[in-house]
Amino acid sequence: MSFLVPPRLRRFIILLMTAICTCLGLFILVFPTPDLSQEVELVRQIADLSIRIQHAEQLNAERKYQLQTLFQKFSMISRRILQQSGQNSALILENLRNENALGVRLGLTAEAMLSGANQTYDLSVPSVHHFLPHLSHSPVSLSPAFKLAKQANRKVSMVIGIPTVKRTHQSYLQVTLKSVIDNMEEDEMNDCLIIVFVAETDVEFVAKVVSDIKNDFGVHVDSGLVEVISPPAEYYPDFSTLRQTLGDDLERVQWRSKQNLDYAFLMMYAHWRGNFYVQLEDDVLTKPGFFTIMKNFALDKSAAKDPWFLIDYCQLGFIGKLFKASDLPMLIQFFLMFYNDKPVDWLLENVLQTMVCKLDQDYKKCRKEKNKLWLHYKPSLFQHIGTHSSLKGKVQKLKDKQFGKIAMFVPHFNPPARVQTAIKHYKSYSITRAYQGETFYWGLVPQEGDTILFYLTPPTPLTEFKFISGNAEHPSDRFLNTDIEIFISEDENSRVPGTFSRTSDGYATVGKFDANGVAAGKLDPTWGPISHLRISIHSSSDNWVILSEIHLKTD
């Protein structure tokens, strides 16, 4: 919940910031220095403080309006009770005296307080219920049906919103979250909030997503970095009654309309939690250091007094779009007004066009004016990796050319070996080339009983093994219910401790692929030279399989 900042305190903060800027300018003139890093950082801090104040003032205005509305309603009820009944009049009079004191604190004039008794609401501010009238049928329509938030009042510099939905093919959400978190430093995590919005009303699906996030990112859920919410079914209108626009069939209109409402819900939940808001999707990769790059670029533009509305850190769709949190309410209203009419990226264009373009203005002039508010950062910090859209049958192989190439495998120098498998490989993605570090292995639909056998020539003592299945573009092509087994020799196999289980043909099982498709473990070189290492598959798969990393480590 926000707090009310007294006007005198706000004026004092603004005057203090002005004095700091003036002193900084004089200091630079009198004591010039070639090292500008401290100056740049100080300017960014001042810009950050300015944005925080702007956001706080907006939240204060919202809270003040809400309190004034409640006060007027309470005042009206109290006076009506006083008029209709003489009972408990002393208590009611005491309440009215308290009301007067509260009204003064809220900035209400005597006339405004007096009008509360006979309030007829000749004027009212349009709300979300004007654009979505069905919301008035349920008191929970604007409350998350599910919320996982260990620090629900945590405020940060930057909020990252990631909506996710059911996909008929494969989900990239875990890959996206891992990329976002892995490419942040600890101090960045402490200043960031990631909100995963599971935009489905299927309770079982929501529970499955939440369970997966807890299992893989439990530490970050506990720290408050990651929150998960889902919407109530009452939030959505009857999609069968939507108008068909732009010549699209009803299915596509329903899909894009729901998407607009999803963005609006996520933004409504997020807009008071931080100073900046970044819109991502559930099928993207990030670059290392993206958080600080985005924040510093936004602060530099704000410090330079550039009147920006949107900064684009990815050239595709609605990915990597950064807004000031204080601008989100206007964007939310726009999405709610026109959710049935156009896709979200078109609506975003319309917002900018409404701001700066004249009706009779030519396209080039309009585009030039929009570019002053819609800034583009290059090279891109995010890359789209999904292939199948959440709209059934839609395939989108969109790539941001500004991002650069994505590593599909990690090469290693492995000890000499001959590799054998009955699983056929796709094109030139063979297991032999993958073992040699030339590419990744891509096998076609492995079946129960299939194996991949590494003959070490000569037998070699190993200290570690690591196999990673799946890659960024195909995260579901991974090994499951699959073991890692080693064989030393008939004479020396007994050196492997009895804690490891044995197969019927004498192999020791030293590891297995986990739920993320990773198998890794340490081996003791004193066991002796390993002659065979085997990947044994115990259940058939509906997908192909990828080995993006193969590492057999020796001393």
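Looking only at the range 221-244, decide whether some residue is open to solvent by 40 Å² or more (accessible area, probe 1.4 Å), on the phi > 0 side of the Ramachandran plot and touching a residue at least 24 places away in the same chain (Cβ under 8 Å). Checking the range 221-244: not a single residue is open to solvent by 40 Å² or more (accessible area, probe 1.4 Å), on the phi > 0 side of the Ramachandran plot and touching a residue at least 24 places away in the same chain (Cβ under 8 Å). The set of residues from the range 504-535 being under 20 Å from SER469 (Cα atoms) and free of Cβ contacts under 8 Å to residues at least 60 places away in the same chain comprises THR509, VAL510, GLY511, LYS512, PHE513, ASP514, GLY517, VAL518, ALA519, ALA520, GLY521, LYS522. Condition first: among the charged types (D, E, K, R), more than 20 Å from ASP216 (Cα to Cα), free of Cβ contacts under 8 Å to residues at least 24 places away in the same chain and open to solvent by 50 Å² or more (accessible area, probe 1.4 Å). Can you find one or more residues in the range 545-553 that meet it? Looking through the range 545-553, none of the residues is among the charged types (D, E, K, R), more than 20 Å from ASP216 (Cα to Cα), free of Cβ contacts under 8 Å to residues at least 24 places away in the same chain and open to solvent by 50 Å² or more (accessible area, probe 1.4 Å). Checking each residue in the range 178-199 for being open to solvent by less than 40 Å² (accessible area, probe 1.4 Å) and charged (D, E, K, R) picks out GLU188, ASP191. Scanning the range 305-329 for residues that are open to solvent by less than 10 Å² (accessible area, probe 1.4 Å) and outside any loop (DSSP other than H, G, I, E, B), we see that the one that is nearest to VAL128 (Cα to Cα) is LEU328. Pairing residues of the range 271-291 that are within 17 Å of ALA407 (Cα to Cα) with residues that are among the small types (Gly, Ala, Ser), at Cβ distances under 6 Å and at least 6 apart in sequence or on separate chains, gives ASP283/GLY386; LEU285/SER179; LEU285/ALA472; THR286/SER179. Within the range 359-371, none of the residues are touching a strand residue (DSSP E or B) at 6+ places or on another chain (Cβ under 9 Å) and either open to solvent by less than 30 Å² (accessible area, probe 1.4 Å) or modelled with pLDDT of 90 or more (or both). The number of residues in the range 353-375 being over 14 Å from LEU310 (Cβ atoms) and in a helix (DSSP H, G or I) comes to 6. When the residues of the range 381-416 are filtered to those that are open to solvent by less than 30 Å² (accessible area, probe 1.4 Å) and among the aliphatic types (A, V, I, L, M), the one that is modelled with the lowest pLDDT is LEU391. Tallying residues that are out of contact with any helix residue (DSSP H, G or I) (no Cβ under 6 Å at 6 or more places or on another chain), surrounded by 17 or more Cβ atoms within 10 Å (Cβ to Cβ) and not in a strand (DSSP E or B) within the range 518-542 yields 2. Taking the criterion of being within 18 Å of LYS342 (Cβ to Cβ) and out of contact with any helix residue (DSSP H, G or I) (no Cβ under 8 Å at 6 or more places or on another chain), the only residue of the range 259-287 that qualifies is ASP262. Quick one: which of PHE297, PHE291 is open to solvent by less than 10 Å² (accessible area, probe 1.4 Å) and either out of contact with any strand residue (DSSP E or B) (no Cβ under 8 Å at 6 or more places or on another chain) or not aliphatic (A, V, I, L, M) (or both)? Just one listed residue meets the conditions, PHE291. Among the residues of the range 489-545, those that are of a type in the set (Ser, Thr, Tyr) and at pLDDT below 85 comprise SER489, SER494, THR499. Within the range 442-460, residues that are under 17 Å from THR432 (Cα atoms) reach partners that are among the acidic types (Asp, Glu) and open to solvent by less than 50 Å² (accessible area, probe 1.4 Å) with beta carbons closer than 8 Å, at six or more positions or on different chains, in the pairs TRP442/ASP477.
Among the residues of the range 330-348, just one is crowded, with 22+ Cβ neighbours inside 10 Å and assigned to a loop (DSSP other than H, G, I, E, B), namely TYR339.
The values are calculated or read from the model by the stated rules, or taken from the named source; none is laboratory data. As the structure is a prediction and not an experimental result, all values here were calculated from the model. Quick reminder, even Gly has a Cβ in these numbers, built from the backbone with ideal geometry, and neighbours come from all protein chains shown. What goes into the accessible areas is simple: the full protein's heavy atoms, side chains included, and nothing from ligands, DNA or RNA. Shrake-Rupley method; radii C 1.70, N 1.55, O 1.52, S 1.80 Å.
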